[in-house]
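Take a look at the structure below.
The values are calculated or read from the model by the stated rules, or taken from the named source; none is laboratory data. Since the model is a prediction, treat every value here as computed from it, not as a measurement. Here the Cβ positions follow ideal geometry from the backbone for every residue, glycine too, while neighbour counts run over all protein chains shown. Ligands, DNA and RNA are excluded from the accessible area calculation, which covers all protein heavy atoms including side chains. Shrake-Rupley method; radii C 1.70, N 1.55, O 1.52, S 1.80 Å.
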Amino acid sequence: MRKVIYPGTFDPVTNGHIDIIKRASELFDEVIVTVAINPGKTPLFTVNERVNMLQESLKDFKNINVDSFDGLVVDHAHEVGAVGIIRGLRAVSDFEYEFQMALMNRKLASDLTTVFLMPHEKYTYLNSSIIRNLASLNSDVSDFVPDVVLKALNKKFSK
Ligand code: ADP
């Protein structure tokens, strides 16, 4: 049983994240998408809202589960019995940060392997902060996020 975790802020989940999650679910027996509770950030959506949007977007996939965590990614990976950590790479600009994180996590827990997956190229310029900005300016983001996220964004910005 090969389980992996995919940690992130997911504020909110985008079609780029979903692309990575589906690819991971084809490679591993179980994918746990794990929402980081990061006290240093002030997210648009609460942890519960982010978890619920992920659950709703992924409800048709049997080997994908969603949870949240507070603390070190490697500790949470051990808690759930994961063998690795999934991260998405969009462009060279992601590389340096992700490389640093992966090597630090390996130093902290040598039994865990970070696996990088690349999304379809149509999602390479997508990130949650662009989505939040566009939505706040009443721009149509329906091509970039699941329906449940679109509804939540429209509600947040009372469209
Ligand atoms: P974090 O705040 O940890 O970067 P995110 O939710 O923004 O959390 O992203 C989680 C992971 O998903 C990261 O590895 C990030 O590079 C990746 N990711 C984000 N957006 C995309 C996308 N459009 N395509 C592929 N991977 C993505």
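Where helices (runs of 4 or more DSSP H) sit wholly within the range 1-115, those with at least 1 residues that are of a type outside the set (Asp, Glu), under 23 Å from residue 151 (Cβ atoms) and at pLDDT 95 or above occupy 15-27, 47-57. Could you go through the range 64-71 and let me know if any residue there is open to solvent by 60 Å² or more (accessible area, probe 1.4 Å), within 14 Å of the ligand (Cβ to nearest atom) and touching a residue at least 40 places away in the same chain (Cβ under 8 Å). Scanning the range 64-71, I find no residue that is open to solvent by 60 Å² or more (accessible area, probe 1.4 Å), within 14 Å of the ligand (Cβ to nearest atom) and touching a residue at least 40 places away in the same chain (Cβ under 8 Å), so the answer is no. Taking every residue in the range 119-132 that is near the ligand (Cβ under 6 Å from one of its atoms) and pairing it with any residue that is modelled with pLDDT under 95 and open to solvent by 70 Å² or more (accessible area, probe 1.4 Å), at least 6 positions away or on another chain, the pairs with Cβ-Cβ distances below 9 Å are 119/90; 123/90; 126/90; 127/90. Note on the range 3-17: among residues that are over 19 Å from residue 102 (Cα atoms) and more than 6 Å from the ligand (Cβ to nearest atom), the one that is surrounded by the fewest Cβ atoms within 10 Å (Cβ to Cβ) is 15.
Let's see how each residue does on (1) within 26 Å of residue 130 (Cα to Cα); (2) among the acidic types (Asp, Glu); (3) more than 13 Å from the ligand (Cβ to nearest atom):
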site	(1), (2), (3)
19	yes, yes, no
35	yes, no, no
45	yes, no, no
48	yes, no, yes
83	no, no, yes
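Please tell me if residue 81 is over 14 Å from the mean Cα position of the chain (by Cα), on the phi > 0 side of the Ramachandran plot and open to solvent by less than 50 Å² (accessible area, probe 1.4 Å). Yes; evaluated as a whole, the condition is true for this residue.
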